[in-house]
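Scroll down for the structure; my scribbles are underneath it.
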Amino acid sequence: MTEQSSFSRRAFFTTAAVAIGATAIGIAGSSSASAASVSDGVSSLKDGRVRVDPSKIAGLQFVGGSVNVGKVDGKIVGLIRTKASKYRALSLRCTHGNSIVSWQDNVWVCREHGCTYSASGKVRQGPAKKKLKSVKIKTSGKFLVVGKKPTTIA
C-alpha cells in the first residue's frame, strides 16, 4: 500500500514560489558592485565634489569594477575602473527614461526600458539615443576627486 502525502499541490507551488523569490532577491542583491557600501571610501567636500579613496572600496579593486558614489554636483554618479590606475565617472541617469543605471556584465543597464551603455557611456542598445553624461574626475595623490570645482564670481 502506498502512503498518501498531506502536502497539497497548492502548498507545493506556494513553497516553490517563495523559494524562487528568495533566490531572486539574493541574486539581485549580490550581482551589482554598485550596490556595495562606499561610506568608508567616500567623503564630501565643502564645494559639492567628493573625494574617493579607491583602495577602501571593494568594487574598485579590479578593472571593470564599479561603484555608485552618490550625489555629486546634483547628479547620481558612478565610478568605473577602466585600467590599473584609470577611472571614469558618469552620471547614472539613463538618457532615455531618467532611471538609474547599474553596472552588470560589463555594461551599464537601465532596467526600465532595456537600454545598455558601454563603460564609456556610449549607447549600445536603445531606445536611448544619447550617451551617459561624463562627470569630471581628477587624481589627487591616492584619491580621486569627482565633480566640477565651482567657479567663483569676483
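A short reminder: the numbers here are calculations on the coordinates, not readings from a lab. Quick caveat: nothing in here was measured; it's all calculated off a predicted structure. FYI the Cβ positions are ideal-geometry reconstructions off the backbone, even for glycines, and counts take in every protein chain you see.
Based on alpha-carbon atoms, the Kirkwood radius and the radius of gyration of the range 33-146 give Rg/Rh equal to 0.95.
For Gly65, what is the net charge nearby, where nearby means another residue's Cβ is under 14 Å from its Cβ and Lys, Arg count +1, Asp, Glu -1? Result for the local shell: +4.
Just add up the charged neighbours of Gln104: K/R +1, D/E -1, any other residue whose Cβ is under 15 Å from the Cβ of Gln104.
Values: positive: Arg111, Arg124; negative: Asp105, Glu112.
Here the charged neighbours net out to 0.
Under a plain spin-label model, where a point goes 7 Å from the Cα along Cα-to-Cβ, how far apart in nm are Asp47 and Ala84? Using points 7 Å along Cα→Cβ, the separation is 3.1 nm.
Can you check what the net charge comes to around Gln125, using other residues whose Cβ is under 14 Å from the Cβ of Gln125 (Lys, Arg +1; Asp, Glu -1)? After counting each charged neighbour, the total is +4. Scanning residues 5 or more positions from Leu45 or on other chains, those with amide H under 5 Å from its amide H are Val50, Arg51, with H placed 1.01 Å from N in the peptide plane. Residues Tyr117, Tyr87, arranged from fewest to most other Cβ atoms within 10 angstrom of their Cβ, appear as Tyr87, Tyr117.
Each peptide in 88-100, 135-147 gets a packing score, the mean of other Cβ atoms within 10 Å over its residues, and the list from highest to lowest is 88-100, 135-147.
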